[in-house]
């Protein structure tokens, strides 16, 4: 067992985990953050995406023991003061959600992209989401949602 | 039920400590995790000791001098892709990083892991071979240096940690051409890495490496010879086909891959003429 400390969704968090525990297991089974979805568990589908020090990574390919000192954001940390973020609202407005299983990963991958490139081209959006699979809507609505969130004029 | 077999995880902060830990029974190294952890999910009996390299600062980042660019083995593919020194000086490496897997994998996977994993479809060893990169290995007996050719052809004996990759700067034409079966993010079905220098309009120091259709990246020596010393316009298609046929005669390439290779060689010449 190891004691691992990290910042999770803005809160200092400490967990005791077996050495062989994956981050997705810790998030879902130990911390109850069920928005991080298990999909292929091989790094192909992106359902388990989290932001790790600001970058979108796959929590099924990360040991929790290797996350000591990291800053992690899951989908539960994206909303701001209890309200949906502009990006989340854009997914709803554009009809980019169908079954919703891929949506947490899609939103976190989009957030990582927009944090780095606030005004991405369509090509950059496609590339930014290349690690996330959706089996329902196709990708057009999702790309539109990211584009709309990026180019929405502020108040 | 845990997805991974039980093991002890160690997070050393220095190369010396890591090498000591690696001597423990059934030890293995963990870099970005994109290959090793997937492998461990499919095995019931894994290593007893996993030595993570993420805390060793000496393995990260990149250093530049007037003549060299040194990549830390733990630099991620995404970090390498973003380096202006790579984009400007080593465009084939930049292209390979850009095409490798998906964004989250590029954020996690490391250059060292890509080389040391020894997967036949890994993109970077072939590109680094074509760029004559040197690998720096840390061993209990001290530092060793070797070419990528040597590294891919045989595993160094005893415990070692690939610590960095050194590239010599210099003007050269360099390309990485990659074919996938369905989507661009797939592993390559076949790929070719090329680099050459220009000496008064003629090709010099030519490197042509076939990747992924073969067990380890393989130099196409006859085709390299054919290019050497010639102006690109003087390479005759018939000679090129003959040289490629000779290079691939002992390799198990199907007709599709042979055709891809011929087309790629043609594309390289077309790009060089430009």
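Mind counting the residues in the range A:19-41 that are within 12 Å of chain B (Cβ to nearest Cβ), assigned to a loop (DSSP other than H, G, I, E, B) and touching a strand residue (DSSP E or B) at 6+ places or on another chain (Cβ under 8 Å)?
Count: 3.
Given the residues A:31, A:108, A:41, which is the only one that is under 25 Å from residue B:102 (Cα atoms) and not assigned by TED's automatic domain parsing to the domain that holds residue A:124? Walk me through it before giving the result.
Numbers: A:31 fails: under 25 Å from residue B:102 (Cα atoms); A:108 fails: not assigned by TED's automatic domain parsing to the domain that holds residue A:124.
Selected residue: A:41, the only one of A:31, A:108, A:41 that is under 25 Å from residue B:102 (Cα atoms) and not assigned by TED's automatic domain parsing to the domain that holds residue A:124.
Just to be sure, is residue A:86 within 12 Å of chain B (Cβ to nearest Cβ), touching a residue at least 60 places away in the same chain (Cβ under 8 Å) and either farther than 27 Å from residue A:3 by Cα or surrounded by fewer than 20 Cβ atoms within 10 Å (Cβ to Cβ) (or both)?
So residue A:86 fails the test.
Only one residue in B:198, B:264 is crowded, with 19+ Cβ neighbours inside 10 Å, touching a strand residue (DSSP E or B) at 6+ places or on another chain (Cβ under 8 Å) and on the phi < 0 side of the Ramachandran plot, so which one is that? Before the answer, list the steps.
Numbers: B:198 fails: crowded, with 19+ Cβ neighbours inside 10 Å.
Exactly one residue qualifies, and that residue is B:264.
Considering only the range A:92-155, give the helices (runs of 4 or more DSSP H) lying wholly within it that have at least 2 residues that are touching a residue at least 24 places away in the same chain (Cβ under 8 Å) and more than 21 Å from residue B:107 (Cα to Cα). Talk me through it step by step, then tell me what you get.
Values: elements: A:103-116, A:122-128, A:140-151.
Correct list: A:140-151.
So which residues in the range A:42-68 are under 20 Å from residue A:18 (Cβ atoms), within 9 Å of chain B (Cβ to nearest Cβ) and not in a strand (DSSP E or B)?
A:60, A:61, A:62, A:65, A:66, A:68
The values are calculated or read from the model by the stated rules, or taken from the named source; none is laboratory data. Not measured: the values here are computed from a predicted model. Here the Cβ is made from the backbone with ideal geometry for all residues, glycine too, and neighbour counts use every protein chain on show.
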